[in-house]
Amino acid sequence: MDKLLIRGGVPLHGKVSISGAKNASLPILAATLLAPGEHRIANLPELVDTSFMLSLLGRIGCASLVGKDVRIDASRIAYCEAPYDIVRKMRASVLVLGPLLARCGEAHVSLPGGCAIGVRPVDQHLKGLEALGCRFELEGGYVHGKVDRLRGAEVDFDMVTVTGTENVLMAAVLAEGTTVLRNAAREPEVIDLGQFLIGMGAKIQGLGTSTLVIEGVPALRASPKPYSILPDRIEAGTYLVAGAITGGDVTIEGVRPDDLQPTLHVLGQAGCDIEVDESSVRLRRSGPICAVDVDTQPHPGFPTDMQAQVMALLCLAEGTSHIRENIFENRFMHVSELLRLGARIDIAGNLATVYGQPMLKGATVMATDLRASASLVLGGLAAEGTTEVLRLYHLDRGYERLEEKLGALGARVARGSEGRVPAAFAAAS
């Protein structure tokens, strides 16, 4: 099993380019099912999750060619199924449900079940699609959906759901008439999907607001121009926290600063100096880390995907911080591993109280999910001594070339396996 070895205590300095957003890539890949022809996608990150989605599209019948631009030929749909062996590895596989129903009139998608950070049910997906005329049966762990003709409808989501909004949006673009989605997700990744669909001929109004109005069209077409995935705001925020937690000077490049405002606000409160340019952000910290209170909220609030990373930073703050997790019920699973690094954190329901400590100390820790693993890497970068982060497959789901990018900033990191320390890492001691 691979592990990441980190020798902490080195302030990070330099520039890092941010990859395409994982959470935009997956729905956009799924959306290629909506139109026959060859789709070209640029800035697709090389991640385990994007690889899984390409594999799923291949199982459905789409051919793909990976190069500078990823090319996906969706001319033929052979199977309208997302099998359990893929869905169990990546919950976002459920995003093919809406496109398959819209394109083929049927879909058979394995129920994703629970996950490390919460149950995340698909009831809102099914509610919205049923409003458009779909019929569902749940049998053998699968959702079996059929529809004779999609018809526009008004859908009021009971809660803000990103993937639910995306699934219903993808079906609605081919529905007859007008669909109105209320309490829709406003995340930048939803906007990116909407812009991709518009490039295929969809008619969508209200992107970036909580109300989407979709005028259905008879058919979509594959765009002749490559569509470039937006930069990953969570990866960007993670590298900014890496600069902050080590007392360094880090510039992230190729970003959209407006998408980062909730994270930048919290980092500014924590005592960091931040300079924003058109497509870059520079963060420096020379003084102490200040305690901050943080509440996660749907966009434009503070993102739940940055909660674990900011918690690692606040473990070294002067004073006591409070973090309230309002999105996922089990998203404090990284706390027990941060405690192994010397953090002091109390949990009461969805509230974490973080008592700042003067230092952390290296230890062997185990990741439980993607963002939890990032928080452990960040803790290791600041800790005294050596930290080993196990279960690297979580990191590989969402961070492209992590050790390479951190190494370019001066971090002492290396990937190894159980029982073996990489020669390059040993030589750096």
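The values are calculated or read from the model by the stated rules, or taken from the named source; none is laboratory data. These numbers come from a predicted model, not from an experiment. Note that we place each Cβ from the backbone using ideal geometry, even for glycine, and neighbour counts take in every protein chain shown.
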Among the residues of the stretch 166-190, the number that are closer than 10 Å to G152 by Cβ and part of a helix (DSSP H, G or I) is 1
Could you tell me which numbered condition V48 fails, if it satisfies all but one of (1) crowded, with 23+ Cβ neighbours inside 10 Å; (2) hydrophobic (A, V, I, L, M, F, W, C); (3) at pLDDT below 95? (1)
What is the residue count in the stretch 267-293 for residues that are out of contact with any Lys or Arg (no Cβ under 7 Å at 6 or more places or on another chain) and buried (at least 22 other Cβ atoms within 10 Å of the Cβ)? 6
Being buried (at least 24 other Cβ atoms within 10 Å of the Cβ), within 25 Å of S210 (Cβ to Cβ) and touching a Phe, Trp or Tyr at 6+ places or on another chain (Cβ under 9 Å) is the filter here; which residues of the stretch 295-309 pass it? Q307
Among the candidates G248, G208, G199, single out the residue that is over 30 Å from L34 (Cα atoms) and of a type outside the set (D, E). G248
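Just the residues that are of a type in the set (A, V, I, L, M, F, W, C) and either surrounded by fewer than 23 Cβ atoms within 10 Å (Cβ to Cβ) or more than 30 Å from L57 (Cα to Cα) (or both), please, taken from the stretch 1-34.
M1, L4, L5, I6, V10, L12, V16
So, restricting to strands (runs of 3 or more DSSP E) that lie completely within the stretch 316-424, which ones have at least 2 residues that are more than 26 Å from the chain's Cα centre (by Cα)?
In the stretch 316-424, the matching strands (runs of 3 or more DSSP E) lie at 344-348.
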If we keep just the residues of the stretch 229-284 that are in contact with a Cys (Cβ under 6 Å, 6 or more places away or on another chain) and of a type in the set (G, A, S), which is nearest to S321 (Cα to Cα)? A270
Does the stretch 286-315 hold any residues that are over 20 Å from A383 (Cα atoms) and in a strand (DSSP E or B), and which are they? D293, V294, D295, T296, F302
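For (1) of a type outside the set (K, R); (2) in contact with a Ser or Thr (Cβ under 8 Å, 6 or more places away or on another chain), each residue gets a yes or a no:
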position: K15; (1), (2): no, yes
position: F52; (1), (2): yes, yes
position: G61; (1), (2): yes, no
position: L95; (1), (2): yes, yes
Of G237, G247, G268, G243, the only residue that is outside any helix (DSSP H, G or I), under 30 Å from M359 (Cα atoms) and not assigned by TED's automatic domain parsing to the domain that holds N167 is G247
Looking at the stretch 1-101, what strands (runs of 3 or more DSSP E) fall wholly within it and have at least 3 residues that are over 18 Å from P112 (Cα atoms) and either without any contact (Cβ under 8 Å) to a residue 60 or more places away in the chain or among the β-branched types (V, I, T) (or both)? 63-65, 70-73
